[in-house]
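Below is one structure, written out as structure tokens; comments come after it.
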Amino acid sequence: MRRCLEFILTVRRWIYDKKIKAVKIGKEYRIPYSEYLRLVEELDRNKVIIYARVSSKDQEKDLHTQIEYLKKYCNEKGYDVVDVLTDIASGLNENRRGLNKVFEYVTNRKIAKVVVANEDRLTRFGFKYLNKLFKAFVEIEVVDGKKGFKTPQEELVEDLITIITSFAGRLYGFRSHKRKRVIEVVRSLLSG
């Protein structure tokens, strides 16, 4: 009952402040259906999901920093965060659980925006194609916050090591000394 009263008082205040168009009939106000639809659409425009990703398990701290940064950003913008989706995987990996869930939200039109820290958090390559596809359904909002995150060069090095590890594992076997040696050589070449 109390919530109902609070809601009525809020609607009246919005009518007086001209935030809602209403027609006064006697002592009562009537809100046109078109105004109702506008309000519902406006509420839906604030529904967003956060997507955060790091390349490896040892970056889990960076993942939490990224999530907190994005939550704070969304809170400041007044967004209604529906879900926070994460992945610990290479940006080259196309079969990420969190990314697949993002696609589900987008194609079912359950949200208005996908909020990410950087373009490469969503995908390492092909962001422009993904953005074109998403625009048919939602908007991708890139915060572009670099504070506390890896540089694109560091991420690229880690992705290259991930790719080489995967191929070396297939070629030599995952427990092979040759595989370990290949990874060590690549690390030294990339970091030197």
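Only the coordinates and a few stated rules stand behind these numbers; no lab work does. Everything quoted here is computed from the prediction, not taken from an experiment. Cβ atoms come from the backbone with ideal geometry, glycine included; neighbour counts cover every protein chain shown.
Structural remarks
- Sorting the segments 54-60, 32-38 by their mean number of nearby beta carbons within 10 angstrom, highest to lowest, gives 54-60, 32-38.
- FRET efficiency, residue 110 to residue 14 (Cβ-Cβ, R0 35 Å, nearest 0.05): 0.85
- Between residue 83 and residue 29, the distance separating the two model label sites (each 7 Å from Cα on the Cα→Cβ line) works out to 3.6 nm.
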